[in-house]
1. With only alpha-carbon pairs counted, each pair once and no self-pairs, how large is the Kirkwood hydrodynamic radius of the chain in angstroms?
2. Give me His159, His139 sorted ascending by neighbouring Cβ count inside 10 Å, so fewest comes first.
3. At 7 Å along the Cα-to-beta-carbon direction for both Gln76 and Glu134, put a label point, then send me their distance in nm to one decimal.
4. Sequence-distant or interchain residues sharing an amide H contact under 5 Å with Phe144, placed H: which?
5. Need one number: the % of Cα-Cα pairs in the stretch 232-273 sitting beyond the 16 Å mark.
6. Roughly how many nanometres apart are two label points built 7 Å out from the Cα toward the Cβ at Arg232 and Ala276?
7. Could you give the size of the charge dipole of the chain about its Cα centre, using +1 on the Cβ of each K and R and -1 on the Cβ of each D and E, expressed in debye and rounded to the nearest 20?
8. Give the order of Ile192, Ile146, Ile347, Ile181 when sorted by the count of other beta carbons within 10 angstrom, beginning with the fewest.
Amino acid sequence: MLHTDYTPGRTVTQDGRSCLFFSGFAYLGLHQLPAFKHLLTQGIEKYGALFPSSRSANLRLSIYEEIEHALSSHLQQQSAAVFSSGYQASQAAAQYATSGKQPLYAPDAHPSLWHQQPELPVMSREEWIAQTIEKVNTHPDHHFVIITDTVNPLTATIHPFHWLQELQRKVLVLADDSHGIGILGPAGQGAIHFLPQTPFVRYLLTASLAKAYSVSGGVVAGHAADIMAIKRLPLFSASTPMIPAHAYAWLQSGELIAKMHRSLQQNIAYLLHLTANTAVHNPHGLPMFILPPGEALVQYLQDRDLIISSFPYPQPHSPVINRAVVSALHLQEDMTTLHRFLGEFGITKP
């Protein structure tokens, strides 16, 4: 277990040493950029540290409607609702989606999507897909809600969704895109750019805004009627809203986000080039590079002032997974250093 008194960027100070940091999830690195921190400061000066009221109160703060409109446009949906965290957004979406419908949870669905402690299927995703298609097509319309993540950050995998085109009954698909939004698609619009459009499927997208965008908040986006119903839930109306300064900073950061998105894609491409034909696993060009298991590798890198992601997740008893997580802040020399150490350890060819 490591401790620090400083928020990591491309480096982190640990025990008085400056270490390269290939962990965490601030994919665009906005949290360390002076320009972004300046926008946060402007937001605090304008709105204060928080909005001391609920979204259902008789006095409303217009910036929430502004960011909801911007996010719904970004995600190509009719409407959106913002929450104080991605977890809360997913919980609200799951509570709404499972009301009156039978949930079909994907294997390894993230705990933020769990409602009433579901029993997740113990099978391969291919088997689950085949069973899901059969179940949906042999039941009436609107009987099921399919609940899944779009990306598995622990395996660096983008889940396939082409099979949704085989459905012949109307179904709601609740998809958590926390590790896709801000990363996937030409403009970082996330999974929606590859989710198939079919008359039988209605999407409800949820995501954390912290993973890529470095703001404390979450979003649920979808059809206007679904979002209107979600906004009537106590999880929305009775909860403290997201920090308005964070909403302000995100709304003002369009050009900065686009620039850092390009940098992230360039860094991913460079490390993919360095680690081609090695034991490093990243089949879909995501910011997560899966490394061989074992504490020896973690300690070897730490001894050389390089920290990777290595801990059990999403639950304490989950397996420990070793990953190198790339952000837009990393320099080519950082990734060259990582590659060299991996090669010296015996994972890649120097």
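Any read-out appearing in this document is the output of simple, stated calculations on the displayed coordinates, not a laboratory observation. In this text, all values refer to a predicted model and were calculated from it rather than measured experimentally. Quick reminder, even Gly has a Cβ in these numbers, built from the backbone with ideal geometry, and neighbours come from all protein chains shown.
1. Its Kirkwood hydrodynamic radius stands at 21.3 Å.
2. His139, His159
3. Result: 3.2 nm between the two label points.
4. Sorted by chain and number, the residues that satisfy this are Gln102, Leu172.
5. So the portion of pairs separated by more than 16 Å is 61 percent.
6. About 5.6 nm, to one decimal.
7. Details: 21 positive and 24 negative charges, 108 e Å.
Using Cβ point charges on Lys, Arg, Asp and Glu, the chain gives about 520 debye.
8. Ile347, Ile192, Ile146, Ile181
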